[in-house]
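The values are calculated or read from the model by the stated rules, or taken from the named source; none is laboratory data. Small disclaimer: the values here were computed from a predicted structure and weren't measured. Neighbour counts run over all protein chains shown; Cβ positions are idealised from the backbone, glycine included. The accessibility values were calculated without ligands, DNA or RNA, using every heavy atom of the protein model including side chains. Shrake-Rupley method; radii C 1.70, N 1.55, O 1.52, S 1.80 Å.
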Amino acid sequence: VVGPEHGHLWKHKRINHAQQPQGSGLQPASGVAVSDGVIKVFNDMKVRKSSTPEEVKKRKKAVLFCLSEDKKNIILEEGKEILVGDVGQTVDDPYATFVKMLPDKDCRYALYDATYETKESKKEDLVPVLPAHRCSLFFPTGIKHELQANCYEEVKDRCTLAEKLGGSAVISLEGKPL
């Protein structure tokens, strides 16, 4: 379904999740390169800095990536993003809108900036969403959750993401009760 192999903060090599990463830069386990645009988007979404209200509105809430036509690079998929400023304006439910952006029969990679609430507090976490068959990827330090899926059906239910974010402790996702 979806998920990125990420930016310069990401370590690379074909390793299993128990090993410590070495090196820097980004190279997916498959040998496909990651475009500079994908790296920039990942770093922009990962790092939260003081921003003006206008800058916050332009920050990405969700973005899809795909393989280039020559199958050698992971690139941004044109027009497949949700901006923070869209939420509450043209987008009522960001997770439902994100899921609708996903093709039901084709593989995609994505980043989703999840806003959720537990019984204790409100939280935000950046979640890579990726095909389960690409599970040999190693995610960088600071990525707490990843959602792997074999098909569109596994991603469309918000409870699937909520389970990854904290299981039964999560009481709402994007302001929608579970």
- How many of the residues making up the range 71-102 are closer than 15 Å to LYS156 by Cα and open to solvent by 60 Å² or more (accessible area, probe 1.4 Å)? 1
- Query: Condition test on ILE75, is it among the hydrophobic types (A, V, I, L, M, F, W, C) and modelled with pLDDT of 95 or more?
  - Reply: no
- Task: Look through the range 120-134, keep the residues that are at pLDDT below 90 and not in a strand (DSSP E or B), and return whichever of them is least open to solvent (accessible area, probe 1.4 Å).
- Result: ALA132
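Of all residues being among the acidic types (Asp, Glu) and under 16 Å from GLY166 (Cα atoms) in the range 103-119, which is least open to solvent (accessible area, probe 1.4 Å)? Just the residue, please.
Of all residues in the range 103-119, those among the acidic types (Asp, Glu) come to 104, 106, 113, 117.
Checking the rest, the ones that are also under 16 Å from GLY166 (Cα atoms) come to 113, 117.
Working: ASP113: 4, GLU117: 62 Å².
Among those that are among the acidic types (Asp, Glu) and under 16 Å from GLY166 (Cα atoms), it is ASP113.
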- Message: Within the range 24-40, does at least one residue satisfy the condition of being over 30 Å from ASP93 (Cβ atoms), at pLDDT below 90, open to solvent by 20 Å² or more (accessible area, probe 1.4 Å) and not in a loop (DSSP other than H, G, I, E, B)?
- Response: yes
- Message: Given the condition touching a Pro at 6+ places or on another chain (Cβ under 8 Å) and either open to solvent by less than 30 Å² (accessible area, probe 1.4 Å) or farther than 27 Å from LYS176 by Cβ (or both), answer yes or no: does some residue in the range 62-70 qualify?
- Response: yes
